Every structure is written in C-alpha cells, then in structure tokens.
1. If each DSSP helix of 4+ residues adds -39,500 (n - 2.57) and the sum is divided by the residues in the chain, what number results at 222 nm, nearest 500 deg cm²/dmol?
2. Determine ³J(HN,Hα), in whole Hz, for all residues of region 37-45 in sequence, where each value follows from phi through the Karplus function 6.51 cos²θ - 1.76 cosθ + 1.60 and θ = phi - 60°; x replaces Gly and Pro.
3. For the chain, give the magnitude of the charge dipole about the Cα centre (Cβ charges: +1 Lys/Arg, -1 Asp/Glu; no others), in debye to the nearest 20.
4. Please give the contour-minus-distance gain from residue 29 to residue 8: 0.36 nm per residue of separation, less the Cα-Cα distance, rounded to one decimal in nm.
5. Between [x] 5.9; [y] 11.7; [z] 9.8, which entry matches mean projected area of the Cα convex hull in nm² as derived from the coordinates of this structure?
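Every number in this text was worked out from the coordinates using simple rules, so none of it is lab data. Bear in mind the structure is a predicted one, so any value in this text is a computation, not a measurement. When we count neighbours, we look across all protein chains shown, and the Cβ atoms used for this are built from the backbone with ideal geometry, even at glycine.
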Amino acid sequence: METLDQLAKKAIGLRPIERIRLVEAILYSLDKPDPDIEKSWVAESEARYEAYKRGEIEAYDWDEIKKGYEG
C-alpha cells in the first residue's frame, strides 16, 4: 500500500480538474449521515413542533429573523 506522501505526490501531479474530482470523491466518502444523529434531529424537531402546538414556544417569521442580521 502506498504511503500518504506517495499518494499526495501522485495527486499533485494530476490535472486540476482531476484533482477537483479526487477531492470531491474524498469529501463525498466522508459525508455519510450518522443514523443516530439523524434520529436525534427527528426527535428534536418533533418535540419542538409539539411544544409549538401547545403554545410553549413561539415561531418567528424568517424575514424578521433576517432583518436582525442585516448590516
């Protein structure tokens, strides 16, 4: 198996478009959703929606939120 340094040297020798494709492939391989985190997000969003329906939390209009960040 090649070392990281050997792979890096080969990658640097690629044409720019090939390097971009290589980087995209590597990033894509890292961007796998974690099922446990996904379940946690679903549970959190459902809990917040139920709290909203019970009147325990408020919803804010997106345009109003954006105004707070405009300079």
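1. The helix contribution divided over the chain gives -21500 deg cm²/dmol.
2. Per-residue couplings from phi come out as 5, 4, 4, 5, 5, 4, 4, 5, 5 Hz.
3. Dipole size: approximately 540 debye.
4. Taking 0.36 nm per residue and subtracting the Cα distance, the gain is 5.8 nm.
5. The value computed from this structure is option [z].
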